[in-house]
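Read the structure below first, then the notes.
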Amino acid sequence: MADKKVLFVEDSPTMRRIIANSLRQVGFNEIIEAENGVDALEKLEGRQVNLVVTDWNMPEMNGAELVKTLREMPPYAEVPIIMITTRGMQDDVITAMKLGVNGYIIKPFTPEILQDKLRAVLD
Amino acid sequence: MVEQQGPVVKTLKDIKSLFEFGDEIAPFLEELFAFLTDLMPILAKANHLLGDTTASMPAASENIASADTIAESATHTIMDHVEELTTGLDDLISTQKEAQCKAELQKFAGKMGEIQTALQFQDITSQHLSQATQIVAAIQVRMEKMFESLQTIGEKNEAVKVILENYAADISSDEAISTEDTIRRDDAISQDEIDALFGN
């Protein structure tokens, strides 16, 4: 996973720190961090990324809205997207799948779980 | 749930006695008053002084936000130390030649990772606190409207006015009631079930 670029979207400063550390541990050296969906789209600026990791509950534009928007943008229609969230109901998971999410992780999670999902999505 | 006769419950019963209900609507209104009778002590538990609820609710919301800020600050402090220790351990591991010593150090490095994982509680708690704050704010809005309605009636109805004046005089901090009601959702999905949906 070295040399891969990831867009990482999370409104909690604590979780941004924890997940960014986990992403570095599994080999992502280039991490674009954003606080919400609007911030994420601004920071992307049309740049290519290999992966998007996003929270769901965020102000201004939540994760579900961000995923929907990205899937409608040609450069990001096929990019792998993993959602990491506290939302643990089956309806939430199905909604995310229908929007085009490729992986779904419930908080709290271990680095091993993140690594497994990353392998499943990127390999 | 333990019931107590507090000034709010007594006020509700006094108001109820003013009305004579028709046969069709009576059962619904009986249920409504029963619901309010049960609800008021629970709200009093949230903020002690129901008569000062509109003043106390913002304090409750502020306390929740304050607890969240303190928890976040503490979490960042812990993370600073964990990251420093992890860097130090990684350096020691890379220079350590003795296998057993190296293995022990790697065990400690693993523990640092577990601490970091456990710190996710702060985000999860923060979201729950945020939901609680929204509920408190919504209850405040609803209660303000309810008391406005009662005061409007009191301007035209002497009996209601007397009840409200008695209530204001009687309200005290002793109306808080303990409740053991909890709401538990048992329909959450597991990570294995999610993986199955994605075919992993």
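Each reported figure results from applying straightforward, stated rules to the coordinates on display, with no laboratory input. The structure presented is a predicted model; accordingly, all values stated were derived computationally and were not measured. Backbone-built Cβ (ideal geometry, glycine too); neighbour counts: all protein chains shown.
Structure values in brief
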| read-out | value |
| --- | --- |
| FRET efficiency estimate (nearest 0.05) - Cβ-Cβ, A:E78 to B:S149, R0 45 angstrom | 0.20 |
| In nm, spacing of pseudo-spin labels at B:L36 and B:I135 (7 Å Cα→C-beta vector) | 2.2 |
| Three-way shape label, segment A:5-122, alpha-carbon gyration tensor, a/c 1.5 | rounded |
| 14 Å beta-carbon shell around A:E30, net charge (K/R +1, D/E -1) | +3 |
| Local electrostatic count at A:N62 - Lys and Arg +1, Asp and Glu -1, tallied over other residues with Cβ under 11 Å | -2 |
| Those GluC sites (Glu not before Pro) in segment A:26-123 that DSSP places in a loop and that have at most 14 other beta carbons within 10 Å | A:E45, A:E60, A:E72, A:E78 |
| Signed unit charges on C-beta, dipole axis of segment A:5-122, positive-most listed residue A:T110, A:L51, A:L99 | A:T110 |
| Shielding by partners - mean other protein chain Cβ count within 10 Å, residues of A:13-21 | 6 |
| Relative contact order [Cα under 8 Å, 6+ residues apart], segment A:5-122, whole percent | 23 |
| In order through segment A:38-54: 3J(HN,Hα) via Karplus (6.51 cos²θ - 1.76 cosθ + 1.60), integer Hz, x for Gly, Pro | 5, 4, 4, 5, 5, 6, 5, 6, x, 6, 7, 10, 8, 7, 10, 10, 9 |
| Residue-by-residue Karplus 3J(HN,Hα) for segment A:80-91, coefficients 6.51, -1.76, 1.60, Hz, glycine and proline x | x, 10, 10, 9, 10, 8, 8, 5, x, 8, 4, 4 |
| Given charges at beta-carbon only (K, R positive; D, E negative), |dipole| of segment A:5-122 in Debye | 360 |
